1. Kindly rank 235-244, 106-115, 266-275 from highest to lowest mean number of other beta carbons found within 10 Å of each residue.
2. Which value in Å is the Kirkwood Rh of the stretch 289-386 over different Cα pairs?
3. Residue by residue through the stretch 288-299, what is 3J(HN,Hα) from phi via Karplus (6.51 cos²θ - 1.76 cosθ + 1.60, θ = phi - 60°)? Round to whole Hz and write x for glycine and proline.
4. Once you order the gyration tensor axes a ≥ b ≥ c over the Cα atoms, which shape class does the chain get: rounded for a/c under 1.5, otherwise prolate or oblate by comparing a/b with b/c?
5. What percent do you get for the relative contact order of the stretch 4-114 when only Cα pairs under 8 Å and 6+ apart count?
6. Under the Karplus relation 6.51 cos²θ - 1.76 cosθ + 1.60, θ = phi - 60°, what is the ordered set of whole-Hz ³J(HN,Hα) values for the stretch 267-273, x standing for Gly and Pro?
7. Which FRET efficiency value, to the nearest 0.05, is calculated for GLU307 and ASN259 with the Förster distance at 30 angstrom and r the Cβ-Cβ distance?
8. Considering only C-alpha atoms, what is the centroid distance from the stretch 216-237 to the stretch 38-105, in Å?
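Every number here is computed from the coordinates shown, using simple stated rules; none is lab data. Given the structure is predicted, the values throughout are model-derived calculations rather than measurements. Ideal geometry is used to build each Cβ from the backbone, glycine not excepted, and the neighbour counts take in all protein chains shown.
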Amino acid sequence: MQKKLVKFVRELYQTEKFIPLHAPTFGGNERKYVNDTLDSTFVSSVGKYVDQFEHHIEAYTGTSKAVATVNGTAALQTALYMAGVKSGDLVITQALTFVATCNALYHMGAEPVFVDVSSISMGLCPRALDIYLEENAFVNNDGISQHKVTQQVFRAVVPMHTFGHPVELDELVAVCAKWNILLVEDAAESLGSFYKGQHTGTFGAFGAISFNGNKVITTGGGGMVLCKIYDDGMRTKHITTTAKVPHPYEFFHDEAGFNFRLPNLNAALGCAQMEVLPMFLSQKRALATHYKTFFENSDFQFVEEPEYGHSNYWLNSVICPDEASRETLIKETNANGVMTRPIWKMMHRLPMFEKAFRGSLKNSEFIEARLVNLPSSPIGVDKNAT
Ligand SMILES: *Cc1c(COP(=O)(O)O)cnc(C)c1O
């Protein structure tokens, strides 16, 4: 399998050089807009591209207000702050996620609670969530869910759309409503992914997107908070920009804010990348179809988008028959200059989260032991084009 796969990937990318997992791709006005910020000297916290980039994301995702931030982790931390996450709170998420999901809630003073992922989406499972809450939570007289033993408040549920595949949102929204817990989506990986026609990250009160260099589009570093309610969006902008009260020259700040503002330089790159996003998405979808065909009639199972959703196929992935075949596949492909990676180690295996509460993690364990990510950069773009 590994030899055939190396040959197949090299044919797809038409190169004998090193093939990365996901490289930034520029195919439009990137140089023009970035140079414009240099020419105008507006490279920092003031400039037109930040507003433009936020409007691009609002139009594309259909959210009421989008707020640009320095990175996706900062966007998630802001989303949790806005959701009212405080010191001592519990935040439910998946053990099978990138560490940033947990770091964000940890730095708000909260503790993660790990619930299993669904075998349909590889993201937070609504059935496992409800079972966990039935066993461990009670609703107090104010309608707030608390932990039966420690009395800690379950403040938010944070599903993550793994590799761009949308989670089961209708069901998750229903479970969150039943227990009166706010839904905050880690949509860091899912720009361009839709659930029943609606963009991921817009179902909860807040969602967070990342524009890191390895994501679908990049701003170098950057993120975006999606706010369902416009007024929440205005407050989000306020607290991410030092909470300064507008005034021609006075410095008055009405609360302890963050400096999470995205520089205009990075936003310029984002504006150009938004113009080529639809092209990237169709190229990535075509790539996924190639992989799907390649793995057909093998004992390696290509991971497809859930039936209800439209995935951006950020990272293509395959489930190996067992852990040993996964090791061989990863070793051999990397030794031959084709980059592949295992999925993340589950969060409760990391020292800082090993004591976290958790439910059964059967599906997560299965995927953790078998999944391999495959090279997924969009194909067909002239990488030197300006
Ligand atoms: C990329 C990513 C983030 C954080 O994004 P940064 O921009 O790198 O801070 C958060 N959560 C998940 C699941 C991610 O993949």
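1. 266-275, 106-115, 235-244
2. Kirkwood hydrodynamic radius for the stretch 289-386: 15.6 Å.
3. Going residue by residue, I get 4, 5, 4, 4, 4, 4, 4, 8, 4, 6, 10, 8 Hz, with x marking Gly and Pro.
4. oblate
5. Worked out over the stretch 4-114, it gives 17 percent.
6. Residue by residue, the stretch 267-273 yields 5, 4, 4, x, 4, 5, 5 Hz.
7. For R0 = 30 Å, the calculated efficiency reads 0.10.
8. Using only Cα atoms, the two centres lie 4 Å from each other.
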